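Q: This structure is in structure tokens; I'll ask about it shortly.
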Amino acid sequence: MSDDVKDAGLVAMISSILGGNRRAADSVAPPPVIEVPPPTAPTNGFELVELPAADTPPANLEDKPETNSENALDAALAPAKSVEPPAKIATTPDGKQLLPAEAIADLVLGELRKLENFPATGASVTVYGYRHWNAMITFAPFSTTFRDATRFRQAMPDIVFKLRRFVVLEI
């Protein structure tokens, strides 16, 4: 969540508590939307995928034009070509995968999202440490109740313990 969005939320919260002028809170414009390019290669969050070299020619899809519906049906029913596994997976000698802190935070957040009443927005996970890495969760104001936030924080050690068996923090 960007600082501008947080500032706008805090200004709105303070002005509503103090009964201030609502026009001041409305004058804060939301930050512009940043377009993120789509990923070029699908991954499952664990594997490093090497992109094809720049001098590799793109596949030509216009080699066999489909002229009738029978050819199109045959092409649709034909078995798909097998996808080759990625060339490199960063692992340790004991088989654990090396991941950066952001990727581990996404894994922890994904596990937390499986819990009942976990907020869709307003939760942030921070991964810190080195050999025995840990994770911390913070919530934006009004994103969840105190009771649910306590329940999510109590679930964090179990999630971190399970993920430490498979993941090592990459430095």
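The values are calculated or read from the model by the stated rules, or taken from the named source; none is laboratory data. Not measured: the values here are computed from a predicted model. Counting neighbours? That spans all protein chains shown, and the Cβs are built from the backbone with ideal geometry, glycine included.
Q: Looking at Thr92, Thr150, Thr67, which one is modelled with pLDDT of 90 or more and either farther than 30 Å from Gly9 by Cβ or not assigned by TED's automatic domain parsing to the domain that holds Ala8 (or both)? Give the derivation first.
A: Working: Thr92 fails: modelled with pLDDT of 90 or more; Thr67 fails: modelled with pLDDT of 90 or more.
Thr150 is the lone residue from the list that is modelled with pLDDT of 90 or more and either farther than 30 Å from Gly9 by Cβ or not assigned by TED's automatic domain parsing to the domain that holds Ala8 (or both).
Q: Please verify whether Thr126 is free of Cβ contacts under 8 Å to residues at least 40 places away in the same chain, closer than 27 Å to Val11 by Cα, out of contact with any helix residue (DSSP H, G or I) (no Cβ under 9 Å at 6 or more places or on another chain) and of a type outside the set (A, V, I, L, M), treating the condition exactly as stated.
A: no
Q: Mind counting the residues in segment 123-154 that are under 12 Å from the mean Cα position of the chain (by Cα), closer than 15 Å to Val167 by Cβ and of a type outside the set (A, V, I, L, M)?
A: Counting residues in segment 123-154 that are under 12 Å from the mean Cα position of the chain (by Cα), closer than 15 Å to Val167 by Cβ and of a type outside the set (A, V, I, L, M) gives 0.
Q: Out of Phe161, Phe142, Phe152, I need the residue that is part of a loop (DSSP other than H, G, I, E, B) and not polar (S, T, N, Q). Which one?
A: Phe142
Q: May I pose another question? Report yes if some residue within segment 106-122 is within 18 Å of the chain's Cα centre (by Cα), in a strand (DSSP E or B) and not assigned by TED's automatic domain parsing to the domain that holds Ile14; otherwise report no.
A: Among the residues of segment 106-122, not one is within 18 Å of the chain's Cα centre (by Cα), in a strand (DSSP E or B) and not assigned by TED's automatic domain parsing to the domain that holds Ile14, which makes the answer no.
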